[in-house]
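Asks: Below are the structure tokens for one structure; questions will follow.
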């Protein structure tokens, strides 16, 4: 297939690979890797482009892995589900629901491929929950020599452990086996509260709900909170009109207009934020789990997110507020704060510690360097770990100090891919 230009969703990363390959199965992925080796080219799998960082940029051979849901194998009795690595979370969520299953936790965007979500450590929120990769039970991966390897906790366990959040550095995933749970509904309560009240009672909110998060607009004193809890109820349902108003008119069209006004008249942004924040979508409804977890995102933005120990949450938010006051005078996008339990995945941002995630955003095209840089300084001082798929400036030397399993991961990468077939400039920076 001839080369084609590629760019990510946010428009922050672009590339013109030497060639692109649409692979219909593991054999064609292996062929693409072996052909790249013969031609002295690097190779990367590309997904839906929802990473803001350059983790998925292919400068040699770009491989699109199959995501055909017809290739899925689903055992409704055990909840074990094997799917092609290129399937999007949107298609996967609906496929699981048809079989009475669901993923226990999701982020707020479902356009990513499952392979991309795993590679970057995509997560949702919930103090007793873990990232999506913690649900992986087996992987089929094409290595740099073109071999197809099946790995699990009992077969190639070192590779399995690392490849669950592998950054695309160990090989190309072609199949993923996940442990799903019985399908469930969530009771969603969205409420705007005083920020100081939320912070004072934060542990109660986080530990007292299955899934809790909040948004804070710079220059305001309120937080838009979201509490999602499992329920057997089927009502109240959110009607189509309410969903249209909340997700589209307020969440996308109206918010996009707010961003444009802020860019044209930056001196008005503090007043705009103080007007918008108390009017964030508020309500109560019950729906399928994935319909509550995920929301449409049509206003393009760029994002940086850091994971810090949950014990440091108040220090992190205080530092964030100071950084925003100095450097986010014209920022209309809110800060998102989420929580997650510890896991055992070497390069998961929640590896070995209960975690709070703090994400900052700006409208696409708006300067972000000073704001993001100030926030990054706060978070790194608290042993923060940057989200692999979002903007940051950390290097391998710096990341080694916050990941106990970092050197073991790099050593495994060196053994499996000594010629750096799967690397790119981003991976050279973060892995060395």
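Asks: Whole Å is fine, so just give me how far the alpha carbon centre of segment 12-29 lies from that of segment 117-191.
Replies: So the separation of the two Cα centres works out to 21 Å.
Asks: If the chain between residue 408 and residue 381 were fully stretched, how many nm would it gain, using 0.36 nm times the residue separation less the Cα-Cα distance? Don't skip to the end; give the middle numbers.
Replies: Working: separation 27, 0.36 × 27 = 9.72 nm, distance 2.40 nm.
Here the answer is 7.3 nm.
Asks: Then there's this: Mind giving me the FRET efficiency for residue 98 and residue 271? R0 is 56 Å, r the Cβ-Cβ distance, nearest 0.05 is fine.
Replies: Details: r = 48 Å, r/R0 = 0.85.
After rounding, the FRET efficiency stands at 0.75.
Asks: Say each of residue 342 and residue 260 gets a label point 7 Å from the Cα, pointing the same way as Cα to Cβ; how far apart are those two points in nm?
Replies: 4.9 nm
Asks: Now a separate question. With a/c under 1.5 counting as rounded, go ahead and sort the chain into rounded, prolate or oblate using the C-alpha gyration tensor (a ≥ b ≥ c being the square roots of the eigenvalues; past the cut-off, prolate if a/b is larger than b/c, else oblate).
Replies: On the way: a/c = 1.64, a/b = 1.37, b/c = 1.20.
Taking the square roots of the gyration eigenvalues as a ≥ b ≥ c, the chain is prolate.
Asks: Also, I was wondering about something else. Helix 313-327 against the longest principal axis of the chain: what's the angle in degrees, Cα atoms only, rounded to the nearest 10?
Replies: Here the helix axis deviates by roughly 80 degrees.
Asks: Also, quick follow-up: Got a sec? How would 160, 52, 184 order by Cβ neighbour count within 10 Å, fewest to most? Show your work: numbers first, answer last.
Replies: Details: 160 20, 52 25, 184 14.
By the 10 Å Cβ count, ascending: 184, 160, 52.
Asks: Quick one: compute a quarter of the convex hull surface over the Cα atoms of segment 117-221 and quote it in nm². Let's see the in-between values first.
Replies: Working: hull surface 37.4 nm².
The Cα convex hull of segment 117-221, projected and averaged over all directions, gives 9.4 nm².
Asks: Next question. Over every pair of different alpha-carbon atoms in segment 69-182, take the mean of 1/r and invert it; report that Kirkwood radius in Å.
Replies: Details: mean 1/r = 0.0712 Å⁻¹.
Evaluated over segment 69-182, this radius sits at 14.1 Å.
Asks: Modelling each spin label as a point 7 Å along the Cα-to-Cβ direction, I'd like the residue 90/residue 158 distance in nm, to one decimal.
Replies: Taking the simple label geometry, residue 90 and residue 158 are separated by 4.1 nm.
Asks: Report the paramagnetic label zone for residue 78: residues of segment 179-196 whose backbone N is under 11 Å from a point 7 Å from Cα along the Cα-to-Cβ axis.
Replies: Counting only backbone N, you get 179.
Asks: Starting from the Cα-Cα distance between residue 325 and residue 200, subtract it from 0.36 nm times their residue separation and give me the gain in nm to one decimal. Before the final figure, lay out each step's value.
Replies: On the way: separation 125, 0.36 × 125 = 45.00 nm, distance 2.09 nm.
The span from residue 325 to residue 200 would gain 42.9 nm if fully extended.
Asks: With contacts defined as alpha carbon pairs under 8 Å and 6 or more residues apart, what's the relative contact order of the chain in percent? Could the numbers behind the result be given before it?
Replies: Numbers: 967 pairs, mean separation 75.0, N = 432.
Worked out over the chain, it gives 17 percent.
Asks: In degrees from 0 to 90, rounded to the nearest 10, what is the angle of the helix 26-38 Cα long axis to the longest principal axis of the chain?
Replies: Approximately 70 degrees, to the nearest 10.
Asks: OK, next. Residues in segment 297-327, backbone N under 13 Å from the label point at residue 370 (7 Å along the Cα-to-beta-carbon vector): list them, ranges by number please.
Replies: Only 323-327 pass the distance filter.
Asks: Contour minus end-to-end for residue 415 and residue 7, with contour as 0.36 nm per residue of separation and end-to-end as the Cα-Cα distance? Don't skip to the end; give the middle numbers.
Replies: Details: separation 408, 0.36 × 408 = 146.88 nm, distance 3.09 nm.
That works out to 143.8 nm of additional length.
Asks: Take every Cα-Cα pair in segment 1-129 and report what % of them are more than 17 Å apart. Please report the intermediate quantities before stating the final value.
Replies: On the way: 5123 of 8256 pairs.
Of all Cα-Cα pairs in segment 1-129, 62 percent lie more than 17 Å apart.
Asks: Another question, then. What ratio of Cα Rg to 2.2 N^0.38 Å holds for segment 185-386? Kindly include the intermediate steps, with their values, before the conclusion.
Replies: Details: Rg = 16.9 Å, N = 202, 2.2 N^0.38 = 16.5 Å.
After normalising by residue count via 2.2 N^0.38 Å, the value is 1.02.
Every number here is computed from the coordinates shown, using simple stated rules; none is lab data. As the structure is a computational prediction, the values presented were derived from the model and not from experiment. Neighbour counts are summed over all protein chains in view; Cβ atoms, including those assigned to glycine, are modelled from backbone coordinates with ideal geometry.
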